[in-house]
Every structure is written in C-alpha cells, then in structure tokens.
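> Right, I'll just put the structure down here and ask away after.
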Amino acid sequence: MAVCTVYTTQSLNSTFTSSTTKSHLGFHQKHHHHHQLVLFSSNGKKWWSSKRDDQSSVANRYVITCSAGGQQTVVIGLAADSGCGKSTFMRRLTSVFGGAAEPPKGGNPDSNTLISDTTTVICLDDYHSLDRTGRKEKGVTALDPRANDFDLMYEQVKALKNGVAVDKPIYNHVTGLLDPPELIKPPKILVIEGLHPMYDSRVRDLLDFSIYLDISNEVKFAWKIQRDMAERGHSLESIKASIEARKPDFDAYIDPQKQYADAVIEVLPTKLIPDDNEGKVLRVRLIMKEGVEFFDPVYLFDEGSTISWIPCGRKLTCSYPGIKFSYGPEIYYGNEVSVLEMDGQFDRLDELIYVESHLSNLSTNFYGEVTQQMLKHADFPGSNNGTGFFQTIVGLKIRDLFEQISASKAKAPVEAAKA
Ligand SMILES: Nc1ncnc2c1ncn2[C@@H]1O[C@H](COP(=O)(O)OP(=O)(O)OP(=O)(O)O)[C@@H](O)[C@H]1O
Ligand SMILES: O=C(CO)[C@H](O)[C@H](O)COP(=O)(O)O
C-alpha cells in the first residue's frame, strides 16, 4: 500500500493513505489562497497535481486522481430512523468480524464514528449542514434533505471507497453544533449509517450493499417509550409529539429509501396474539432482493418454495404464543425478493441451533455460527426474536460479500503504481 502526503503549494494540510487504482480526493479547505494542490508520495516524489474545481458548490474543492494499486473499500449503507436499532445492528455486525468497535482514539469524545480492525462505521448525521439552531431558525427537521450536505457526503464516501482519507465533519449530538472535523482513513469495510444513505443517487451508486431497518409505527413507538421514558426521562406526551413532528418528513424522505435496499428487516406486531397492542412479541420479515451480485438469499428447506413452519415441539421449547416461520418468493417495490419471516420469540437461545440447521445459504464459517453469535450477545435488544436473529444473519452475509468482493479484486490485474 502506498502512502501519500497531501500538500498545498503553501502548507501541509493532511495525510492520507491511498490503496487504490484511480483515487479521487475531494479536498475542502476554508482559508486557502493558492489554487493548486500537489500530491506527494512518501518518498517525496511529486505524484499528481490538480487545479481548484471552481465549478464546485463547495469552496476550494480539489479533485485529484492518483494511481497506487491495491484494494478498494467495500461500502455498506444502513438506513433507518433514529432509535430503530442501528447501533445494536452495528454491534452485531462488527462482532461477526471479531474485535470491538470503538470511537477514534484520542479524538473528539462526542464523535459518532466507530472503528474496529476491519470496519469503520460513520454516522451520516455528521453531514448535517444545519446545526440544531440553524434547523430551528429555518423550520426544517434533520430528516429534510435541505438540512444535509449531500455533495460533501458523496465526495467523502467516494474518496474513502477509493482508498483516500478524508476530514469528515462531526455533528455533536450533545451540543447540537458542528464540531471540527476528524480524520477518517479508508477501512476494509465502510458502513454509512443514518437517515439518508440511499437518498442521493450518487451516494447510492457507491454502495456495494444496502440495508433498511423498517420498524412499523406501533413498534417504533413502543421502543421509543422504553428508551426515552425509562433511560432519558422524557414524558409520554413529548415522545408522542416528537414522533408526530417527524412523521411527514420521515414519510417523504426516509421511508422511500427502502425500495432501493438489497435487504430490508421489517419489524411488525405479532399475528400470533389477536389484537395485540403490547408490542412485546414481534413478527419480523427479512426481505432479500434476488439477483444482487455476491449476495445469495437465505432460504428455509427448499429454495423458491413457499413454506410455513412451526418448529415448536420436541426440539424447540416455545411458550405462549409460540413461534411460526414462513418463507417464500414475493414482489417488493417491483423487485423479485425472497422473504423469511419469524413471528414469536425464543425461550432458549441454545436451542436456536435447531432452527439454524434448517436454513441454507447462511454464509457461516462453521455449523452453529449464528447460534454462537446470538448466545454471545444474549443481552442485546432483540436477542430472543427475529430482529436479533436476522440482524446476525445479515452480518454474516456482509462478511461473505466482503470476502467475495476481495477475492474478485485479487484476481483482477493490479495497475502499476505511478510513483
Ligand atoms: N431489536 C430490538 N428489540 C427491542 N428493542 C429494541 C431493539 N432494537 C432497538 N431497541 C430499542 O431501541 C433503542 C435504540 O436502539 P439503538 O440505539 O440500537 O438505535 P439507533 O437507531 O442507533 O438509535 P439512535 O439513532 O437514536 O442512536 C434501544 O435502547 C432499545 O430500547
Ligand atoms: O434524526 C436524527 C438522527 O440521529 C437526529 O434527530 C438528528 O441527527 C438531530 O440530532 P439532535 O436531535 O441531537 O439535534
């Protein structure tokens, strides 16, 4: 991997590691008078230079192309409304790769970024262009595209995908302000999580795989109450008001992204208890798009058939209201999908191996890996139902996708380094 250092003609600005053929660096600097940027390799040789892109809406933006050879970052998008389980999902995903995910060492304590050996998770809230006061003054919510900088999001995700580090802004959820940027180096896997990973078509096209967590209104409300009332001391009225205030923009800008997702985890109230309004028992559907490169949907018993399965009995302990699985082909937003559904909850996680052994295409490295992951994180929310089960399965599919993409890149001829 080649190491490049970026200088302007005047002063040193940032260092980045490049591991790509054809990297593009979107460079953003506020106080800069010279209009040329020169990129040097680690041995001091001039690598490439670029004039300022005066057509760009962002001041002093430079686009640099350099050749260095090597592997690309795999980019995963995870979309969901706030409080819908993205952080929990991320913890399950990074655990599949081993090693803990932590905020950047020695950086801003309010950073939203999580880094582990293989993955870096960035939160798209960091691309809010309006801070809390700005949004209030303009009367827009954070879900409104006008409160977000999609140009910068696109430039930076593209740069990272091409192996170039970026100075990413930080939205501080404690103060509601935009903090000074943090350096993000290109990881093996970049996860962009937040409200709008699939909203802008340019960003969407950079994604190697996309996931939408679709939590039905009833369930979202139950979770919000549990967290914001119990853990954050909010009143029931204020929680209701905040959900209502967000709903029009959620419906307009967030929800439509699910049509683009390669996998959707849909969380609904159970059908096993008539007129249930407690929201404790869940019916969860894993909707998997057919024909996605490097992604083979999971199936139950027989691929492409329609199956209904009640596994409760001798090998799986079920208390009221039991567990019901379904599987089959469907059409979702005009696309062919396979849907695996689980209604109900597990009593004993160790018995999950019985269910796991009836599923195929799980992309496990060994027999029982899903069950092992579930047991490892038994204390995470959703571990006794389809939310945790399907999140774990999607985590394994992402690992498989990453391995397949890496293997296909390794086979491709490597372009010679330019320096
Ligand atoms: N699968 C689940 N089952 C039950 N409750 C859940 C589940 N996932 C999340 N929750 C509830 O929702 C809360 C928020 O979860 P999490 O922090 O993972 O969401 P988030 O989308 O990252 O939230 P935010 O964007 O606000 O940080 C949890 O504290 C928990 O109360
Ligand atoms: O929808 C959200 C995504 O997390 C937040 O509400 C948004 O980022 C604004 O944050 P805050 O409420 O802390 O100002």
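> Set the bar at 28 Å for Cα to Cα. Now go through K224/K271; K105/K138; K247/K280; K158/K258; K86/K188; K258/K324 and name every pair that lies beyond it.
Values: K224/K271 22 Å; K105/K138 35 Å; K247/K280 23 Å; K158/K258 22 Å; K86/K188 20 Å; K258/K324 25 Å.
Flagged as over cut-off: K105/K138.
> Could you state the accessible area per residue of segment 262-395 in Å², with a 1.4 Å probe and every protein chain left in place?
Working: 6140 Å² over 134 residues.
Roughly 46 Å² per residue, with all protein chains present.
> Still on this structure, please answer the following. Of the heavy-atom accessible surface of segment 262-395 (probe 1.4 angstrom), what whole percent is carbon and sulfur?
Working: 2840 of 6140 Å².
Ligands and nucleic acids excluded, carbon and sulfur give 46 percent.
> I've got another one for you. At what distance in nm do the modelled label points of R146 and N108 sit from each other, each positioned 7 Å from its Cα along Cα→Cβ?
In this crude label model, R146 to N108 measures out at 2.5 nm.
> Farthest toward the dipole's positive end in segment 294-385, which of G313, G344, T371, given Cβ charges of +1 (Lys, Arg) and -1 (Asp, Glu) about the Cα centre?
Working it through, the farthest residue towards the positive pole turns out to be G313.
> Please calculate how many Å² of accessible area segment 72-211 carries per residue, with a 1.4 Å probe and no DNA, RNA or ligand atoms counted. Show your work: numbers first, answer last.
Values: 5030 Å² over 140 residues.
That works out to 36 Å² for each residue.
> In segment 108-151, which residues have a backbone nitrogen under 16 Å from the label point lying 7 Å from E237's Cα in the Cα-to-Cβ direction?
none
> Right, another one. Only residues of segment 203-230 count here: report those whose backbone N is under 18 Å from the spot 7 Å along Cα→Cβ of N361, or say none.
Those under the cut-off are 209-212.
The values are calculated or read from the model by the stated rules, or taken from the named source; none is laboratory data. Owing to the predicted nature of the structure, the values given are computational and were not obtained by experimental measurement. Heads up, the Cβs are rebuilt from the backbone with ideal geometry, glycines too, and the neighbour counts pull from every protein chain shown. The area values use the complete protein model at the heavy-atom level, side chains included, leaving out ligands, DNA and RNA. Shrake-Rupley method; radii C 1.70, N 1.55, O 1.52, S 1.80 Å.
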